[in-house]
Every structure is written in C-alpha cells, then in structure tokens.
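The values are calculated or read from the model by the stated rules, or taken from the named source; none is laboratory data. Just so we're clear, the structure is a prediction, and the values are computed from it rather than from any experiment. Virtual Cβ from ideal backbone geometry, glycine too; neighbours counted across all protein chains shown. With ligands, DNA and RNA removed, areas are computed over all heavy atoms of the protein, side chains included. Shrake-Rupley method; radii C 1.70, N 1.55, O 1.52, S 1.80 Å.
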Amino acid sequence: MTKYYALKDKDGYNNIVTSWDQAKEIIPTLNSPKYKSFQTKEEAEAFLRGEELTIKDNFPYMAYTDGSFDINTGRYSFGCVLISNGNEYVFKKCYERDEYSPLRNVAGEIKGAGFIINYAINHNIKELHLYYDYIGIEKWYMGEWKAKSDIAIKYQAFASEAKSKIHVYFHKVKSHTNDHYNEIVDKLAKEALGIL
C-alpha cells in the first residue's frame, strides 16, 4: 500500500515522496519543515496547497474510534462506529484495571482500533478508512513508531498479520473540534465507563 509523504518549508520547497526513508533524508535539509503522510496523492497535493481534502463520503467502509480512561478506577474503554451504505454500527467496551491501565486512554485507543480492524476482517471487508485522534494508532500499525509497551507490541504483531487481509487507510482528526463521528465515539467510550 503506497503512502504519500508531503513535505514543504517556509522557503517554498514542495515535494511528495512515497517512502518514509526518502522523507527522513530530505527533512533535515529544509527550513522550518512541515510534513505529513497521506493515503492518496490528492490529499498530499491538497496539503501542499494549504488545503484539506475531504473525500471520505466516497468510501464504502469508514470507522471512527476513540478511547477513554477513568482516573478513579483505572478502567479504560473504547467507542467505535462503523459506517457503510448509510448504516451505522455502534460498539463500545470497558476494560477493568489491568496491566495496560497506566497507559490510560491510549490503551482504549489501541483496543478500539484493533477491535474494529478485526471486526472488518471477520466480515470480509477488504478496505477500511479509519479515523482517529491519537496518532499512535497509525504509527504503530504502519511500523513507523517502535512499540515499547506490551499492548503496542501486541498491536504491531496483530497489524503484521492484518495487513495481508485488509487495507487500512488512516485519517487523523483533531479531537473536540465538532467532528460529528469523533464526538460520537468519544461519548461512547465515556458511556462504556459510566462517566457520562
């Protein structure tokens, strides 16, 4: 699956490369660089123009996921929504305090992403556009971050198997910016904990 890395700086440099290794070589040479990865060339080109391309309404299968944490109990949770052909499938789950609780809501984020990707695989979905607000969901899955915690290591192991069964296209959304579905999954995660 090709990824597109858009790079620009304040001196007017604009370029798109298709590997992180290429991007890492260029970034140190730029003056105040800005860079971001995208699933489509069109999105990368829009970033270079200072625009944001929103083409998600054309995707057959989209999912949003978010995690939450209850500081009083050490429990964590996720909320997910899968959207397909105008239908919405809602999921939420709470986990009791365990060895992953010190990661707080990140544990819920990872569990939620793993759940919805696995759900898609089990329902023979071959392409999924996954929207999230915690960047680790994409970085660990794509192997761009080294996993250190046990839960992230397990998520990366899951990802290495999942990649042969499904193409996941990741989309970062800003949390608490009135994105309809991001707000829904945030609420679902809190509902699962009983803190809403």
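The table below gives the values:
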{"read-out": "Cα lying deepest toward the dipole's positive end in the range 44-196, options L48, L193, I110, charges on Cβ", "value": "I110"}
{"read-out": "At 0.692 mPa s and 37 °C, Stokes diffusion of the range 78-158 via Kirkwood alpha-carbon radius, µm² per second", "value": "244"}
{"read-out": "Rounded, prolate or oblate (a/c below 1.5 giving rounded, otherwise prolate when a/b exceeds b/c) for the chain by Cα gyration tensor", "value": "prolate"}
{"read-out": "The range 46-188 - percent of accessible surface contributed by carbon and sulfur, probe 1.4 Å", "value": "48"}
{"read-out": "Magnitude of the charge dipole, the chain, Cβ model with Lys/Arg +1 and Asp/Glu -1, debye to 20", "value": "320"}
{"read-out": "Within the chain, longest stretch clear of exposed GluC sites (Glu not before Pro) (DSSP loop, no more than 12 other Cβ within 10 Å)", "value": "100-196"}
{"read-out": "Value of relative contact order over the chain, rounded to a whole percent, pairs C-alpha under 8 Å and six or more apart", "value": "21"}
{"read-out": "FRET E, pair N122, K187, Förster distance 25 Å, beta-carbon r, rounded to 0.05", "value": "0.50"}
{"read-out": "Degrees, to the nearest 10: 105-122 long Cα axis against longest axis of the chain", "value": "90"}
{"read-out": "Furthest towards positive pole of dipole, V17, S164, V90, structure part the chain, Cβ charges", "value": "S164"}
{"read-out": "Of all DSSP beta bridges in the chain, antiparallel share, percent nearest 5", "value": "75"}
{"read-out": "Helix 150-162 vs. the chain, principal-axis angle (Cα, 0 to 90°, nearest 10)", "value": "70"}
{"read-out": "Surface accessible to a 1.4 Å probe, per residue, for the residues of the range 1-132, Å²", "value": "53"}
{"read-out": "Neighbour count of at most 13 Cβ within 10 Å plus DSSP loop: longest trypsin sites (Lys or Arg not before Pro)-free window in the chain", "value": "50-96"}
